[in-house]
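The values are calculated or read from the model by the stated rules, or taken from the named source; none is laboratory data. Everything numeric here is computed off the predicted structure, so don't read it as measured data. All Cβ positions, glycine included, derive from the backbone under ideal geometry; neighbour counts span all protein chains shown.
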Amino acid sequence: MLNSKLDTFEESFSFWKNLVLIIIFFVITPVTLGVSLFSLFSLKDTGSAAGVVLGTSTAYDSGVRVYASLPSEFPTVDGVATSSDARPVLIEDYLERYDSPLTPYAYFLVEIADKYGLDYKLLPAIAQQESNLCKIIPPGGHNCWGWGIHSKGTLGFESFEAAIETVAYGIKTQYIDKGFITPEEIMSKYTPLSDGSWARGVIQFMSEMQ
């Protein structure tokens, strides 16, 4: 009899315990799920708003969005960017390699070449061919190009600047403007008795200044 009552009590207790657990499950679970969904959507809306305010979002494979703040003003560059002119440096390096007295005039050589529309390598190359870059010239004449040679002697100049200016102008007006453009064509008038070695030398020396 006692055992029967105990069994009945245990069955009744088990029933009510299960009923309470079921009620808790169906009450707590929806509430928890609702809170979680509400928090998720709130965070998503906040993130979207932040993306609009702060700048462009970057999406990664993980699904996380990272937002970077963009500056209100972007830096600007005034003027036009230009690369440094390397030609005087090439000429200077070449003249230094041969220990030429023309080394201090590298920039002037390029300036005068531009002034008369000449290849910037032409005057140094002719000087190399004619005088080993001014190391074999009449004393005090500054004539590294064999310019103005005649029966009474070779033309002399007061300075290397004067010589560079005169020779560049002469090549422009007496050669280039008259159709003598390539080293071979210049050679035919500059040193017509050459067997071609003059032009080959000038071309070789110009290629060394690349």
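Which of the residues spanning the stretch 176-199 are in contact with a Ser or Thr (Cβ under 9 Å, 6 or more places away or on another chain), over 24 Å from Tyr105 (Cα atoms) and not small (Gly, Ala, Ser)? Answer for the stretch 176-199, where residues must be in contact with a Ser or Thr (Cβ under 9 Å, 6 or more places away or on another chain), over 24 Å from Tyr105 (Cα atoms) and not small (Gly, Ala, Ser): Phe180, Met187. A residue that is part of a loop (DSSP other than H, G, I, E, B), in contact with a Ser or Thr (Cβ under 8 Å, 6 or more places away or on another chain) and in contact (Cβ under 8 Å) with a residue 12 or more places away in the chain cannot be found anywhere in the stretch 168-175. Pull up the stretch 123-148, narrow it to residues that are out of contact with any Gly (no Cβ under 8 Å at 6 or more places or on another chain), surrounded by fewer than 22 Cβ atoms within 10 Å (Cβ to Cβ) and under 16 Å from Ala168 (Cα atoms), then point me to the one that is modelled with the highest pLDDT. Filtering first and then ranking leaves Gly146. Criterion first (in a helix (DSSP H, G or I) and not aromatic (Phe, Trp, Tyr)) does Gln210 satisfy it? No: the conditions fail for Gln210.
Of note, Gly156 does not satisfy the criterion of being surrounded by fewer than 14 Cβ atoms within 10 Å (Cβ to Cβ) and either small (Gly, Ala, Ser) or part of a helix (DSSP H, G or I) (or both).
Taken together, the residues in the stretch 176-210 that are surrounded by fewer than 17 Cβ atoms within 10 Å (Cβ to Cβ), more than 37 Å from the chain's Cα centre (by Cα) and closer than 17 Å to Lys121 by Cβ amount to 1. Counting residues in the stretch 187-198 that are under 23 Å from Gln210 (Cβ atoms), modelled with pLDDT of 95 or more, of a type outside the set (Phe, Trp, Tyr) and not in a loop (DSSP other than H, G, I, E, B) gives one or more.
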